[in-house]
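The values are calculated or read from the model by the stated rules, or taken from the named source; none is laboratory data. This one's a predicted model, so the numbers in the text were calculated from it and none came from an experiment. Please note: Cβ atoms are built from the backbone with ideal geometry, for glycine as well, and neighbour counts cover all protein chains shown.
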Amino acid sequence: MELKCGKDYHTSFDVENYLDFYREPKLNEFQYVARHEFWSRLAPRKNLRVLNFGGGPVISDLISAAPFVEEIIFAEYSERNRQAVEKWRQNLPDSHDWSAHFRFIVENLEGRSGEEAAIRESELRRKITHILPCDIEWDNPVKWPSSWESQSAMFDVVTTSLCLEACVTSKESYRHAIGKLKKYLKPGGHIVMYGVMEETYYLVGQERFYCFPLTRNLIEETLASEGFKTFNEIKLLAVSLEAYCDAKEIFFATATLEEV
Ligand SMILES: C[S@@+](CC[C@H](N)C(=O)[O-])C[C@H]1O[C@@H](n2cnc3c(N)ncnc32)[C@H](O)[C@@H]1O
């Protein structure tokens, strides 16, 4: 079967089919626990500025971040995905219902009340201040509002999930992609990546999408060669997800850019 990639994301990537991956919070427990731990470690820092790159139609990877951030810039390649997030941000009646994910993270992982889960939802809606187009192929891969100054070294955290492996085609282009995202980080800032190991395709409904097979070595070598000197951790979980993809493991990696 032909593998979809690149511009196919504009036409063949069906939002509702993709969100089947997110129908239950439990399916994403690995990343939610890892994110909860990451953001808990950053506390008591507050008012951070976060760039989420290639967010798709998904916001649940930002739930743990919300209390610590001043604003989140949500960058995404496909207009349909951006519209799905915009609908959720405006709380429109036909937007995707993420409330079970808020409850899972705020109640189960943080030990707070259901009321606080609902408050977190409003907080995240407010803190996603911009939803912008992006393309990792561009020299400056986010289309910033024209009135903005350069966003180089303007973010405390750049986060990206299941995105770079969907776009790059070689070790070199993986390194270039991380190098481009690195430029947005302040010295001492953090890159946060969730993704899949050794995956060559994933399914969205009946459509089969391309994936570049990552390895732990490649991720570690790339981060080190891009100047992420204090490599913090990489968590791995073996998976068997035949109904969706041929990934062998999922990973969660964070790394810190050296202060100059
Ligand atoms: C597997 S989805 C991941 C979505 C979401 N981040 C998640 O965690 O579920 C891959 C994402 O990569 C985006 N993408 C595809 N080509 C891209 C490109 N050239 N530059 C940036 N993002 C791209 C797609 O639009 C899609 O949102």
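Things worth noting here:
- Some residue of region 180-191 being under 21 Å from F13 (Cβ atoms), of a type outside the set (A, V, I, L, M, F, W, C), at pLDDT 95 or above and out of contact with any strand residue (DSSP E or B) (no Cβ under 7 Å at 6 or more places or on another chain): no
- Residue selected from region 66-82 under the condition surrounded by fewer than 22 Cβ atoms within 10 Å (Cβ to Cβ) and not hydroxyl-bearing (S, T, Y), by the criterion nearest to F38 (Cα to Cα): F68
- The one condition in (1) in contact with a Leu (Cβ under 8 Å, 6 or more places away or on another chain); (2) surrounded by fewer than 17 Cβ atoms within 10 Å (Cβ to Cβ); (3) outside any loop (DSSP other than H, G, I, E, B); (4) not hydroxyl-bearing (S, T, Y) that G227 fails to fulfil: (3)
- Within region 50-87, the residues that satisfy the criterion of being within 16 Å of the ligand (Cβ to nearest atom), in a helix (DSSP H, G or I) and within 15 Å of I119 (Cα to Cα) are S60, L62.
- Candidate set from region 5-40 (those that are outside any helix (DSSP H, G or I) and either among the acidic types (D, E) or within 10 Å of the ligand (Cβ to nearest atom) (or both)); member that is farthest from C134 (Cα to Cα): E24
- Checked against the criteria, I234 counts as surrounded by fewer than 21 Cβ atoms within 10 Å (Cβ to Cβ) and among the β-branched types (V, I, T).
- Residues that are crowded, with 17+ Cβ neighbours inside 10 Å and within 13 Å of the ligand (Cβ to nearest atom) number at least 2 in the following helices (runs of 4 or more DSSP H) confined to region 94-212: 164-167, 171-182.
- Scan region 1-57 for residues that are hydroxyl-bearing (S, T, Y) and under 16 Å from the mean Cα position of the chain (by Cα) and the total you get is 3.
- The one condition from (1) at pLDDT below 95; (2) in a strand (DSSP E or B); (3) hydrophobic (A, V, I, L, M, F, W, C) that A243 does not meet is (2).
- Annotation note: Cβ proximity below 7 Å between a residue of region 1-25 that is under 19 Å from D61 (Cβ atoms) and a residue that is small (G, A, S) and near the ligand (Cβ under 8 Å from one of its atoms) (sequence gap 6+ or interchain) occurs for Y9/S78; F13/S78; Y18/G56.
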